[in-house]
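Student: This structure is in structure tokens; I'll ask about it shortly.
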């Protein structure tokens, strides 16, 4: 996803979210999304949705990005907010994620 056009980036991340978090999942996809650095709100929001969904579907892989602080602050906090709001994340996982909010 090598462009500076926010909506192209959003589309690319959306494709990864919709099609590549289940049977076609590869850990490299997480790295691709984590390596997007943008100040654009809508790009960060899509990255947050991607990682929140990844936590629901590929928790053991996605949690590493939170634990190691590999996401930009905005993306990290959106991810945690959306994951905590999700019914697909356990209460124990939600409590664990709360520790990783960046102030």
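Student: Between residues in region 34-46 that are closer than 15 Å to residue 7 by Cβ and residues that are modelled with pLDDT under 95 and not in a helix (DSSP H, G or I), which pairs lie under 8 Å by C-beta distance while being six or more apart or on different chains?
Tutor: These pairs meet every condition: 36/1.
Student: Another question, then. When the residues of region 1-24 are filtered to those that are in contact with a helix residue (DSSP H, G or I) (Cβ under 8 Å, 6 or more places away or on another chain) and not in a helix (DSSP H, G or I), which remaining residue is surrounded by the most Cβ atoms within 10 Å (Cβ to Cβ)? Before the answer, list the steps.
Tutor: Quick first cut of region 1-24, residues in contact with a helix residue (DSSP H, G or I) (Cβ under 8 Å, 6 or more places away or on another chain) only: 1, 3, 6-7, 9-10, 13-14, 16-17, 20-22.
Add one more test, that the residue is not in a helix (DSSP H, G or I), and what stays is 1, 3, 20-22.
Numbers: 1: 16, 3: 10, 20: 16, 21: 19, 22: 9.
Only one residue fits best here, namely 21.
Student: So for region 47-68 (the condition being assigned to a loop (DSSP other than H, G, I, E, B), free of Cβ contacts under 8 Å to residues at least 40 places away in the same chain and surrounded by fewer than 16 Cβ atoms within 10 Å (Cβ to Cβ)), does at least one residue qualify? Quick ask: steps written out before the conclusion?
Tutor: Start the filter on region 47-68 by keeping residues that are assigned to a loop (DSSP other than H, G, I, E, B), which leaves 58, 68.
From what's left, free of Cβ contacts under 8 Å to residues at least 40 places away in the same chain: 58, 68.
From what is left, the residues that are surrounded by fewer than 16 Cβ atoms within 10 Å (Cβ to Cβ) are 68.
There is at least one residue in region 47-68 that is assigned to a loop (DSSP other than H, G, I, E, B), free of Cβ contacts under 8 Å to residues at least 40 places away in the same chain and surrounded by fewer than 16 Cβ atoms within 10 Å (Cβ to Cβ).
The values are calculated or read from the model by the stated rules, or taken from the named source; none is laboratory data. No experiment lies behind these values; they were computed from the predicted model shown. All Cβ positions, even for glycine, are placed from backbone atoms using ideal geometry, and neighbour counts span all protein chains on display.
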